[in-house]
Amino acid sequence: MRVVVTGATGRMGRIVREVAGERGWEVLPVSRSEGTKYEPSSLASALAEERPDALVDFTVPAASVETVATCADAGIPAVVGTTGFDDEQLDALWEASQSTPVLHAPNFARGVAALIGLVREAVAALPGYDVELTETHHRGKRDAPSGTANRLLDAVDEARGASAERVHGRQGAHLRGDREVGVHVRRAGDVRGEHEVLLAGNDEVLTLTHRAESRRVFAAGALDAAAWLAGREAGWYDFSEVLNDDA
């Protein structure tokens, strides 16, 4: 495999390069920092010259949109792990997927994929129970709640067949509403990522938790997705499809 890694000198980019190298893949780093062969402004020419099997992107939303548009022009599959997109930016990624394969996921940990399914099952099995979500990440993470937290909240809505009222933190004096889901965000230190969904009712409490011990789990999942995406037809793909093929 030959893979382009954008944001190659960033927190995730360095680890993606490391894990890809351990697999014996050829890595083509793209970064504004010195010491990398390509800069973002030369990405189009890099894709044309190198013809990689796929591109892996962990950057920021605006940069990711530009990167995926460039991949669409070149017909290069793109795996995107960036989070914090607004609706317009997600629409731009979707538009690019009409010209090249695009797989976007807020989290590439296999355990998180399992957690999403378990949350959906638990909420469906426990109607009327209160649901609260707490997520913790390192102090440098920009978007809050995390993309993973939002996906877990979507799973709650899917199980209930209705959209919950997402209450971000609590302040003041008022009773909890029946349709509320509390969302609590913590940013501290170098926490890789932790998500907990709590369900409470009927004199009992159920908690479902995932904790990433290393960012390598996200890099490995993204590279698994890149290998799976290479050679596929243009379209919008989901990480669950990668995992289902492995099952």
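Here, each number is a calculation from the coordinates, and none is a lab measurement. Just so it is clear, the model here is predicted, and its values are computed rather than measured. All Cβ positions, glycine included, derive from the backbone under ideal geometry; neighbour counts span all protein chains shown.
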Next on the checklist: From the C-alpha coordinates alone, can you work out the Kirkwood hydrodynamic radius of segment 110-211, in Å?
Outcome noted: 14.0 Å
Checklist entry - For helix 110-125, what angle does its Cα long axis make with the longest principal axis of the chain, in degrees from 0 to 90 and rounded to 10? => result 30 degrees
Item to check | Taking segment 110-211 and dividing mean pair separation by its residue count, relative contact order in percent (alpha carbons under 8 Å, at least six apart) | outcome: 41 percent
Checklist outcome for this item: In segment 110-211, taking the dipole from +1 charges on Lys and Arg beta carbons and -1 charges on Asp and Glu beta carbons about the Cα centre, the listed residue (ILE116, GLY172, HIS137) farthest towards the positive end is HIS137
Checklist outcome for this item: Computed ³J(HN,Hα) along segment 210-224: with the Karplus parameters 6.51/-1.76/1.60, θ = phi - 60°, integer Hz and x for glycine or proline, the list is 10, 10, 7, 8, 7, 5, 4, 5, 6, 5, 4, x, 5, 6, 4
Checklist outcome for this item: segment 74-152 and segment 6-46 have their Cα centres apart by a whole-number Å value of 23 Å
Checklist entry - Assigning unit charges at the beta carbon (Lys, Arg +1; Asp, Glu -1) and nothing else, what dipole magnitude in debye, to the nearest 20, does the chain show about its Cα centre? => result 860 debye
Checklist outcome for this item: Listed by chain and number, the residues whose amide H is under 5 Å from that of GLY7, excluding neighbours fewer than 5 places away on the same chain and using placed H, are VAL30
Item to check | Farthest toward positive dipole pole in the chain [+1 Lys/Arg, -1 Asp/Glu at C-beta], among SER42, ALA78, THR67 | outcome: SER42
Checklist entry - Calculated FRET efficiency, ASP73 and ASN244, Cβ-Cβ r, R0 35 Å, to nearest 0.05? => result 0.70
Next on the checklist: Counting only helical runs of four or more DSSP H residues, what would the 222 nm mean residue ellipticity of the chain come to if each run contributes -39,500 (n - 2.57) and the total is spread over all its residues?
Outcome noted: -12000 deg cm²/dmol
Checklist outcome for this item: Within segment 200-214, the residues whose backbone N lies under 15 Å from a label point placed 7 Å from the Cα of ARG176 along the Cα-to-Cβ direction are 200-208
Next on the checklist: Using 0.36 nm times the number of residues separating LEU118 and GLN89, minus their current alpha carbon distance, what extension gain do you get?
Outcome noted: 7.5 nm
Item to check | Under Karplus coefficients 6.51, -1.76 and 1.60, residue-wise ³J(HN,Hα) of segment 103-108 in Hz, glycine/proline x | outcome: 10, 10, 9, x, 7, 9
Item to check | Two-site label geometry, SER99 and GLU34: point separation in nm, points 7 Å out along Cα→Cβ | outcome: 3.5 nm
